[in-house]
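Asks: Pasting a structure here, questions to come.
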Amino acid sequence: AQKITQTQPGMFVQEKEAVTLDCTYDTSDPSYGLFWYKQPSSGEMIFLIYQGSYDQQNATEGRYSLNFQKARKSANLVISASQLGDSAMYFCAMREGTGNQFYFGTGTSLTVIP
Amino acid sequence: EPEVTQTPSHQVTQMGQEVILRCVPISNHLYFYWYRQILGQKVEFLVSFYNNEISEKSEIFDDQFSVERPDGSNFTLKIRSTKLEDSAMYFCASSPTSGPRNEQFFGPGTRLTVL
């Protein structure tokens, strides 16, 4: 089974609108961390937001928020007030327990339309 | 702000040649990683390195690959006898500690093209 599933290969959003990028995960480890990274066309991986499995509140970082639904094993990224510079690939990733590796999803390509 | 750096940004090599990809992790970080991303696909874990030894590796990281921390700052990935399917973006990352909470800081990547 895939550790991280991103079911939206491509998304479009109007500038200044909000958009939700879906991510579901699969783990039996009670301790895990969920991350979102942005990859613009230049290729680098930019950290956006983190959610811990024991965190009581949904994470927020500026215009980014994470809709964490533990029972559903989902960690959707919400980008509010989209900007043209938000156009990029977005990857959801998970790290389990004391493990070292990140498991990445296949990514969602977001295009912001002016 | 400290960042992970990688050189070269793009490497072109002939099939069967050896390549060394270089990374300088953030200076006070203790854990180092290599990932690869084949064009259009997801990022895949290759290996993690701590205390001068490999702490975890994936099935992709076979005998063709090796990692080394030759000095106090560099972290290298060597690919022996490159194959066409090794063409990918290779990312180095580092983190201050391990555990689920710790963000990995990624470098800008090296694009490897095997001809």
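Asks: Any chance you could count how many residues in segment B:1-37 are in contact with an Asp or Glu (Cβ under 8 Å, 6 or more places away or on another chain) and among the β-branched types (Val, Ile, Thr)?
Replies: Residues of segment B:1-37 in contact with an Asp or Glu (Cβ under 8 Å, 6 or more places away or on another chain): B:26, B:35-37.
Now restrict to residues that are among the β-branched types (Val, Ile, Thr): B:26.
Going through segment B:1-37 one residue at a time, the tally reaches 1.
Asks: Among the residues of segment B:90-110, what is the count of those that are modelled with pLDDT of 95 or more and surrounded by fewer than 21 Cβ atoms within 10 Å (Cβ to Cβ)?
Replies: Number of matching residues: 0.
Asks: Considering segment B:61-92 alone, what residues qualify as being more than 12 Å from the chain's Cα centre (by Cα) and assigned to a loop (DSSP other than H, G, I, E, B)?
Replies: Once the filter is applied, which keeps residues that are more than 12 Å from the chain's Cα centre (by Cα) and assigned to a loop (DSSP other than H, G, I, E, B), segment B:61-92 yields B:ASP62, B:ASP63, B:GLN64, B:PRO70, B:ASP71, B:GLY72, B:SER73, B:ARG80, B:SER81, B:THR82, B:LYS83, B:SER87.
Asks: Against the conditions (1) assigned to a loop (DSSP other than H, G, I, E, B); (2) modelled with pLDDT of 95 or more; (3) under 29 Å from B:ILE54 (Cβ atoms), where does A:ALA81 fall short? Just the number, please.
Replies: Failed condition: (3).
Asks: Let me ask something else about it. Could you check segment A:25-67 and list, in sequence order, the residues that are surrounded by fewer than 19 Cβ atoms within 10 Å (Cβ to Cβ), within 11 Å of chain B (Cβ to nearest Cβ), part of a strand (DSSP E or B) and not hydrophobic (A, V, I, L, M, F, W, C)?
Replies: A:GLY52
Asks: To continue, here is another question. Within segment A:75-91, identify whether any single residue is under 24 Å from B:TYR31 (Cβ atoms), surrounded by fewer than 20 Cβ atoms within 10 Å (Cβ to Cβ) and facing chain B (nearest Cβ under 10 Å), and answer yes or no.
Replies: The answer is no, given that none of the residues of segment A:75-91 is under 24 Å from B:TYR31 (Cβ atoms), surrounded by fewer than 20 Cβ atoms within 10 Å (Cβ to Cβ) and facing chain B (nearest Cβ under 10 Å).
Asks: Is it true that A:GLN14 is more than 14 Å from chain B (Cβ to nearest Cβ) and touching a strand residue (DSSP E or B) at 6+ places or on another chain (Cβ under 6 Å)?
Replies: Numbers: more than 14 Å from chain B (Cβ to nearest Cβ): yes; touching a strand residue (DSSP E or B) at 6+ places or on another chain (Cβ under 6 Å): yes.
Taking the combined requirement at face value, the residue satisfies it.
Asks: Looking only at segment A:49-61, which residues are farther than 11 Å from A:VAL78 by Cα and either of a type in the set (Gly, Ala, Ser) or in contact (Cβ under 8 Å) with a residue 12 or more places away in the chain (or both)?
Replies: A:TYR50, A:GLN51, A:GLY52, A:SER53, A:TYR54, A:ASP55
Asks: Moving on. Could you go through segment B:97-110 and let me know if any residue there is at the interface with another protein chain (Cβ under 9 Å from one of its Cβ atoms), in contact (Cβ under 8 Å) with a residue 60 or more places away in the chain, in contact with an Asp or Glu (Cβ under 7 Å, 6 or more places away or on another chain) and within 25 Å of B:GLN14 (Cα to Cα).
Replies: Yes, segment B:97-110 has at least one match.
Asks: I've got another one for you. Could you grab me the full set of residues in segment A:2-24 that are closer than 14 Å to A:THR106 by Cα, in a loop (DSSP other than H, G, I, E, B) and of a type outside the set (D, E, K, R)?
Replies: If the condition is that a residue be closer than 14 Å to A:THR106 by Cα, in a loop (DSSP other than H, G, I, E, B) and of a type outside the set (D, E, K, R), then A:GLN2, A:GLN6, A:THR7, A:GLN8, A:PRO9, A:CYS23 are the ones that fit.
Asks: So, of the residues in segment B:46-60 that are in a strand (DSSP E or B) and in contact (Cβ under 8 Å) with a residue 12 or more places away in the chain, which turns out to be nearest to the other protein chains (Cβ to nearest Cβ)?
Replies: Of everything passing the filter in segment B:46-60, B:SER48 is nearest to the other protein chains (Cβ to nearest Cβ).
Asks: Same structure again: Would you point out the residue of segment B:61-87, among those that are crowded, with 16+ Cβ neighbours inside 10 Å and among the hydrophobic types (A, V, I, L, M, F, W, C), that is nearest to the other protein chains (Cβ to nearest Cβ)?
Replies: This residue is B:PHE61.
Asks: Counting just the residues of segment A:92-114 that are closer than 16 Å to A:GLY10 by Cα and over 15 Å from the mean Cα position of the chain (by Cα), which one comes out surrounded by the most Cβ atoms within 10 Å (Cβ to Cβ)? First the steps, then the outcome.
Replies: We begin by selecting, within segment A:92-114, every residue closer than 16 Å to A:GLY10 by Cα; these are A:92, A:105-113.
Within this subset, residues satisfying the condition of being over 15 Å from the mean Cα position of the chain (by Cα) are A:111-113.
Working: A:THR111: 13, A:VAL112: 20, A:ILE113: 11.
In this case the residue turns out to be A:VAL112.
The values are calculated or read from the model by the stated rules, or taken from the named source; none is laboratory data. Computed from a predicted structure; not experimentally measured. For neighbour counting, all protein chains shown are included, and Cβ atoms are generated from backbone atoms with ideal geometry for every residue, glycine included.
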